Amino acid sequence: MPDASRKPRFTVVLDSNVIISAFTHGGTPRTVLDLLWLGEMECVISPFILAEVGKSLREDFDWVDSAVERTMTALKRHCVLVHTRKEASTPGLSLADNRILDCAVQ
C-alpha cells in the first residue's frame with residue numbers, strides 16, 4: 001500500500017498495453033507498475049483504459065472473471081480515475097490511442 005504521506009514524484013497515463021504486459025509478461029512494464037504500487041508515481045486512468053485492460057485479460061489471456069475483478073479493484077485503488085470530457089481526434093492515431101490522449105489531457 002502506498003504511503004499516503006509521500007507525494008508521488010511524477011504523474012503518468014499508462015497505455016492499456018503497458019498495464020496488460022505488466023500483468024502478463026513482467027519485465028520493464030512490471031517495474032513501472034511496481035512504482036505505482038509503491039506510491040513513487042501517480043497514474044491517471046479512465047474507464048476506457050480499464051475496460052480495454054479487462055477485456056484483453058479475459059479474451060486474450062483467458063483470465064477468469066474473479067482475477068480480472070481483483071486487478072480492476074487494485075488499479076482503481078492505486079490510480080486516479082478520470083472521466084474524460086473531450087474526445088481527441090488526432091489524425092494518424094487510432095480511436096483507442098485518442099482515448100488514451102483524452103485521459104492525458106485531463
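Odds and ends about this structure:
- The residues neighbouring residue 47, those whose beta-carbon lies less than 14 Å from its own, together hold a net charge of +1 under the Lys/Arg +1, Asp/Glu -1 convention.
- Overall, the ratio between the Cα radius of gyration of the chain and 2.2 N^0.38 Å, rounded to two decimals, is 1.07.
- Amide proton proximity set for residue 82, modelled H, under 5 Å, gap of 5+: 45, 46
- Model label points for residue 69 and residue 25, set 7 angstrom from Cα along the Cα-to-Cβ axis, are 2.9 nm apart.
- Nonpolar atom fraction for the chain, defined as the carbon and sulfur part of the 1.4 Å probe accessible area, stands at 54 percent.
- Given their separation in residues at 0.36 nm each and the Cα-Cα distance between them, residue 105 and residue 34 gain 23.2 nm when the chain is fully extended.
- Surface accessible to a 1.4 Å probe, per residue, for the residues of the chain, Å²: 61 Å²
- Longest exposed-site-free window of the chain, the sites being GluC sites (Glu not before Pro) in a DSSP loop that have at most 16 other C-beta atoms within 10 Å: 41-86
The values are calculated or read from the model by the stated rules, or taken from the named source; none is laboratory data. None of these values were measured; they are calculated from a predicted model. For neighbour counting, all protein chains shown are included, and Cβ atoms are generated from backbone atoms with ideal geometry for every residue, glycine included. For the accessible areas, the whole protein counts, side chains as well, though only heavy atoms, and no ligand, DNA or RNA atoms are used. Shrake-Rupley method; radii C 1.70, N 1.55, O 1.52, S 1.80 Å.
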